[in-house]
Amino acid sequence: MSDTLTDQFKAGFRRYPTGVAIAAASTPTGPVGATISSLASVSANPPMLSFSVSRLGRSGPALSASERVAVHTLTASQADVAAAFADRNAPRFTLAQGWTLPHGEPPVLRDAAASFYGRVVRVVPAGEAWLVLLEVDTMDLGETTEPLLHHDRSYWSLGPSVSLPLDRVASEKAS
């Protein structure tokens, strides 16, 4: 392993498991999208989320310049969709992957765990990435199911829970 700070930084974040999502938008030249693991809730009122995309890739510039974007959180059964969007040469937005492409609107992914649709309100340059702030105006909740996780360059699903859900922990402490 290299000893540069950049290499150590990347290796450190490979050890941090995250959920997997697809950010997608409609452009005049067709749909664009990217696999993201940097999704974060920013505000509940108004509903706002953030994600980062590379300034160097093909999708990042198009996503950050889009007026409207959809962010679809993936389920464990959608690892193939995540892999396709992480591979520059793989087919994307196919019917087999579950995509619908409404004219002038962000692409819709069937069976996503959750889909957030909104307006890009701010794009912040951050190193070789852009941090995108999206104000959510519509969402769809899919079925409650196993999420898709990314850890150490592989996709995973959850195993058995190792603790009580946080809301149960709080209620049991209160009693």
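The values are calculated or read from the model by the stated rules, or taken from the named source; none is laboratory data. Only a predicted model underlies this, so the values are computations on that prediction, with no experimental measurement involved. Neighbour counts are summed over all protein chains in view; Cβ atoms, including those assigned to glycine, are modelled from backbone coordinates with ideal geometry. Note: accessible area is taken over every heavy atom of the protein model, side chains too, but ligands, DNA and RNA are not part of it. Shrake-Rupley method; radii C 1.70, N 1.55, O 1.52, S 1.80 Å.
Remarks
- Test result for residue 95, free of Cβ contacts under 8 Å to residues at least 12 places away in the same chain and either within 15 Å of residue 112 (Cα to Cα) or under 14 Å from the mean Cα position of the chain (by Cα) (or both): yes
- Qualifying residues in the range 124-148 (those that are within 12 Å of residue 54 (Cα to Cα) and under 16 Å from the mean Cα position of the chain (by Cα)) - the one most open to solvent (accessible area, probe 1.4 Å): 131
- Enumeration of residues in the range 98-119 that are under 15 Å from the mean Cα position of the chain (by Cα) and more than 21 Å from residue 149 (Cα to Cα): 106, 107, 117, 118
- A single member of 18, 75, 35 is touching a residue at least 40 places away in the same chain (Cβ under 8 Å), closer than 18 Å to residue 139 by Cβ and β-branched (Val, Ile, Thr), and it is 75.
- Scan of the range 1-11 for residues that are out of contact with any helix residue (DSSP H, G or I) (no Cβ under 9 Å at 6 or more places or on another chain), open to solvent by 40 Å² or more (accessible area, probe 1.4 Å) and more than 19 Å from residue 130 (Cα to Cα), ordered by number: 3, 4, 5, 7, 8
- Scanning the range 93-117 for residues that are in a strand (DSSP E or B) and open to solvent by less than 30 Å² (accessible area, probe 1.4 Å) returns 99, 109, 114, 115, 117.
- Residue, nearest to residue 47 (Cα to Cα), within the range 133-158, restricted to residues that are touching a Pro at 6+ places or on another chain (Cβ under 9 Å) and either outside any strand (DSSP E or B) or of a type in the set (D, E, K, R) (or both): 135
- Any hit, the range 120-132, residues being charged (D, E, K, R), in contact (Cβ under 8 Å) with a residue 12 or more places away in the chain, part of a strand (DSSP E or B) and farther than 19 Å from residue 20 by Cβ: no
- Within the range 36-67, restricting attention to residues that are touching a Phe, Trp or Tyr at 6+ places or on another chain (Cβ under 7 Å) and open to solvent by 40 Å² or more (accessible area, probe 1.4 Å), the residue that is nearest to residue 145 (Cα to Cα) is 39.
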